[in-house]
1. If I ask for residues that are in a helix (DSSP H, G or I), small (Gly, Ala, Ser) and touching a helix residue (DSSP H, G or I) at 6+ places or on another chain (Cβ under 7 Å), which ones from the stretch 190-234 would you list?
2. Within the stretch 253-283, count every residue that is closer than 16 Å to VAL326 by Cα and not in a loop (DSSP other than H, G, I, E, B).
3. Any chance the stretch 275-294 includes a residue that's more than 22 Å from TYR332 (Cα to Cα) and assigned by TED's automatic domain parsing to the domain that holds ASP329?
4. Is it the case that ASP169 is closer than 20 Å to ASN244 by Cβ, touching a helix residue (DSSP H, G or I) at 6+ places or on another chain (Cβ under 8 Å) and assigned to a helix (DSSP H, G or I)?
5. Tally up the residues in the stretch 175-186 that are exposed (fewer than 14 other Cβ atoms within 10 Å of the Cβ) and without any contact (Cβ under 8 Å) to a residue 60 or more places away in the chain, please.
6. With respect to ILE250, is the statement that it is part of a helix (DSSP H, G or I) and buried (at least 17 other Cβ atoms within 10 Å of the Cβ) true?
7. For the structure I just gave you, tell me whether LEU342 is of a type outside the set (S, T, N, Q), farther than 16 Å from ILE271 by Cβ and either at pLDDT 90 or above or outside the structural domain of ASP169 (by TED's automatic domain parsing) (or both).
8. Looking at ILE172, is it of a type in the set (A, V, I, L, M, F, W, C) and either surrounded by fewer than 16 Cβ atoms within 10 Å (Cβ to Cβ) or outside the structural domain of ILE266 (by TED's automatic domain parsing) (or both)?
Amino acid sequence: MSIKYKRSYKFAFFTSTYITLFLSALILVYQYYFFEVLWLSILIFALLCYIFSFFIIQLRIEYFIYKRVKSVYDSVALLDAESLSSQRLTSDMKTLTAEVERFAKHKRLEIETLKGRDSYRKEFMGNVAHELKTPLFTVQGYILTLLDGASNDEKVRDKYLARASKGVDRLIYIVKDLDMITKLETGDLNLFQEKFDINELLDGVHDLLEMKAAKKEISISIHSYAKPIFVKADKERMQQVLANLVVNSIKYGKKGGIVKMVVEDISSHKIKVSVSDNGEGVKAQNIPRLFERFYRVDKSGSRKEGGSGLGLSIVKHIVEAHQEKVKVDSEYGVGSEFSFTLTKYQEE
């Protein structure tokens, strides 16, 4: 049975061997050449011994530490291959400790990020399943009822088919929105950037959603400049952005409330478009997640209002696809303001 020694013993053995061999050879040389000049030979001998010992111990310690640390890294697979420097690690333990702590911190952040993504993935999949399940079960229920004999009654048949059709429309709406977000994220959705007057776009969204707002006794107002303000963007997509923001304000607005669409000059080449309301507002802890897919502040109430739950996420992706920024300011119980920037059209 072989005897196992500590790794440090092996390190000490080889280091001592190197120094002993060197000193032995040095003594032989001095005895042969400098024996008669004793004091000078001792001084030079001591100096050479010190220099050699310093460098051999330094190099051996660096090599020893490098091998041990690399072995640990490889064993636990904490570091990527490119994380290790091709140069030898320093024997300064303070520096080495700082390096290890830096690597450990980096890995902890990676693990926390992966945990966050995994949590988001699970929540996202649950939301997708819920959003699709509701209309699917609705459609299935009406169809099964018709198959069980309700189709013989013409009034019941027409009513159930109409409701089933609404359920299918909702499914198509959700799938289309998901497809659009995916294309925006992957860059597959091409933007047709053109020159248009932002005031005309606001007027169009106002006319489109005026009746929807009136049903909740909410008024929509526009605050802009009398003169045309030309921007360069995808008009159809920006109309979708504004419509989603206004619909969101109507959905969470108070009865008798107001939704404002405002255009402001913020620089010589940028404008800010904002949609604000005096609705219920959003609590501070929910604001960072407002633009996530299917995220709803009020899980029960907002689903009664309909929609795919993807409106704000689409807003964010479209605005960012234009290389612009979207922002939200909200105070719970007071109201919310969503705003984004657009680039003015510059004559070439």
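The values are calculated or read from the model by the stated rules, or taken from the named source; none is laboratory data. Note that this is a predicted model, so its numbers are computed, not measured. Counting neighbours? That spans all protein chains shown, and the Cβs are built from the backbone with ideal geometry, glycine included.
1. Passing the criteria: GLY204, ALA213.
2. Result for the stretch 253-283: 12.
3. No, the conditions are met nowhere in the stretch 275-294.
4. no
5. Residues that pass the stated criteria total 5.
6. yes
7. When the stated conditions are applied, LEU342 does not pass them.
8. Taking the combined requirement at face value, the residue satisfies it.
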